[in-house]
1. HN-Hα J couplings of the range 117-134 from phi, Karplus 6.51/-1.76/1.60, θ = phi - 60°, integer Hz, Gly and Pro as x?
2. Would you kindly derive the ³J(HN,Hα) couplings of the range 100-113 from the backbone phi angles with the Karplus curve 6.51 cos²θ - 1.76 cosθ + 1.60 (θ = phi - 60°), listing them in order in whole Hz, with x for Gly and Pro?
3. Can you compute the FRET efficiency between CYS99 and HIS141 using 1/(1 + (r/R0)^6), with r the Cβ-Cβ distance and R0 = 22 Å? Round to the nearest 0.05.
4. When a/c reaches 1.5 or more, the comparison of a/b and b/c decides; with that in mind, is the range 42-116 rounded, prolate or oblate per its Cα gyration tensor?
5. Can you give me the solvent accessible area of VAL52 with a 1.4 Å probe, rounded to the nearest 10 Å²?
6. Please report the antiparallel percentage of the DSSP beta bridges confined to the chain, to the nearest 5.
7. Under a GNM of the chain (C-alpha, springs under 10 Å), which listed residue has the highest mean-square fluctuation: HIS51, HIS95, HIS37?
8. Using a probe radius of 1.4 Å on heavy atoms only, what accessible surface per residue do you get for the chain? Whole Å² is fine.
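The values are calculated or read from the model by the stated rules, or taken from the named source; none is laboratory data. Small disclaimer: the values here were computed from a predicted structure and weren't measured. FYI the Cβ positions are ideal-geometry reconstructions off the backbone, even for glycines, and counts take in every protein chain you see. Note: accessible area is taken over every heavy atom of the protein model, side chains too, but ligands, DNA and RNA are not part of it. Shrake-Rupley method; radii C 1.70, N 1.55, O 1.52, S 1.80 Å.
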Amino acid sequence: MPTVSMKVNGKAVSGEVEGRTLLVEFLRDHLGLTGTHVGCDTSQCGACTVHVNGKAIKSCTTLAAACDGADVTTIEGIAKNGKLHPMQTAFNEEHGLQCGFCTPGMIMSAIDIVNRKGKKLDEDTIRHELEGNICRCTGYHNIV
Ligand code: FES
Ligand code: FES
């Protein structure tokens with residue numbers, strides 16, 4: 001089996017994977033980073049969103065082997081020095097979650113949106129940009 005090496009949340013990691021192993025499986029099953037969720041098998045829900053080389057991707061449709069050498073950030077890696085990331089604080093303060101299943105993916109996508117489009121976003125833009133993330137609790141209003 002091939003070995004993949006990557007940086008995950010600032011730490012160098014490596015492991016043996018099958019060619020078909022998905023990035024989300026590597027994160028959850030090999031590294032125990034279960035904050036990244038799997039909500040579908042059709043690349044629709046966005047619960048599996050992580051950042052690879054600074055960009056949001058769906059880790060359920062990305063091969064672990066394709067991320068060899070990459071810099072990966074998961075929901076576990078965004079708080080710094082015991083302080084929540086501002087986007088985590090925002091979700092907390094605005095009650096942007098109900099059951100919380102979609103929340104890690106929502107937060108990783110939301111950070112990506114701000115990184116790409118800046119902080120001054122109107123509601124239509126946010127709703128459009130979050131189309132790849134589904135909240136089964138329909139908590140969209142507070143998330144936006
Ligand atoms: Fe990846 Fe649903 S688990 S999009
Ligand atoms: Fe339950 Fe979004 S908070 S799926």
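1. So the Karplus estimates, Gly and Pro as x, are 10, x, 8, 8, 10, 8, 4, 4, 5, 4, 4, 5, 5, 8, 4, x, 10, 10 Hz.
2. Running phi through 6.51 cos²θ - 1.76 cosθ + 1.60 with θ = phi - 60° gives x, 5, 7, 4, x, x, 4, 5, 5, 5, 4, 4, 4, 4 Hz.
3. On the way: r = 16 Å, r/R0 = 0.71.
In this case the efficiency is close to 0.90.
4. Values: a/c = 2.14, a/b = 1.42, b/c = 1.51.
Here the range 42-116 falls in the oblate category.
5. Answer for VAL52: close to 30 Å² accessible.
6. Roughly 90 percent of the beta bridges in the chain run antiparallel, per DSSP.
7. Comparing HIS51, HIS95, HIS37 in a Gaussian network model of the chain, the most mobile one is HIS95.
8. So the chain comes to 57 Å² accessible per residue, rounded to a whole number.
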